[in-house]
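Read-outs throughout are calculated quantities, based only on the coordinates presented, and are distinct from any laboratory measurement. From a predicted model like this one, the values you see are computed outputs, not experimental measurements. No Cβ is skipped: glycine too gets one built from the backbone with ideal geometry, and neighbour counts run over all protein chains shown.
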Amino acid sequence: MRQHYHWRALYAEPGVGVYRNVWIEEDGSLHNPHQYPDEEVRVAVLKADARQVARKTEASERAVATRRRRQAAKIHEAAKRILSKIGIGKQDRCFCCSKVLTDATSIDRGIGSDCWQHVLVAMESRTTETPVSDDGVYTLPLPPTAAQDAPAIAA
């Protein structure tokens, strides 16, 4: 069954007013203790539910993009530290993604095996070519994503 939100104060269309303590129960019945017009309340609740789902979906997509951007920055920071001989050092969590490390090699290096592949790509891009923008800032390409690594399917 689809979950509906419990609306303590649901602001409907302008000029209609506020519906208080309304929602649609799991069995599809309308919780409407103030006896507002049922059809108007049902439509308002469904519209509000749809807006809430859209907001949560957008927030989730922004969170995923932020996580990817931060992890890419950590990968490039790790590559920079390794190439400058500072290194990462022995750690029980991955420097890039903070996952717990269990492999002895990964613990010694401070970077997990999944992230290590991305760090190697970043290190290679730093050593082969280091593009510089007009303002003198070094820019690094982001590591390839799984979608870019997948072979192209001919139509």
Per residue of segment 47-52, in order, report the coupling 6.51 cos²θ - 1.76 cosθ + 1.60 (Karplus, θ = phi - 60°) as ³J(HN,Hα) in whole Hz, putting x for Gly and Pro.
-> 5, 5, 4, 5, 5, 5
Quick one: if you stick a label point 7 Å off each Cα along the C-beta vector at residue 21 and residue 103, how many nm between them?
-> 5.8 nm
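Sorted from fewest to most neighbouring beta carbons within 10 Å, what does the list 100, 16, 119 look like?
In increasing order of surrounding Cβ atoms, one gets 100, 16, 119.
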For residue 30, distant residues with modelled amide H under 5 Å away = 25
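Among 49, 27, rank each residue by its count of other Cβ atoms within 10 Å, from fewest to most, as a rough exposure measure. If you can, show how the numbers build up before the last one.
Values: 49 18, 27 6.
With the sparsest Cβ surroundings first, the list reads 27, 49.
Assign one of three labels to segment 7-58, namely rounded, prolate or oblate, based on the Cα gyration tensor with a ≥ b ≥ c the square roots of its eigenvalues; rounded applies when a/c is under 1.5, prolate when it is not and a/b is larger than b/c, and oblate otherwise.
Details: a/c = 2.06, a/b = 1.26, b/c = 1.64.
The shape class here is oblate.
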Simple spin-label model, 7 Å along Cα-to-Cβ: residue 60 to residue 47 in nm?
-> 2.5 nm
Mean-position separation - Cα centroids, segment 78-126 and segment 16-36, in angstrom = 54 Å
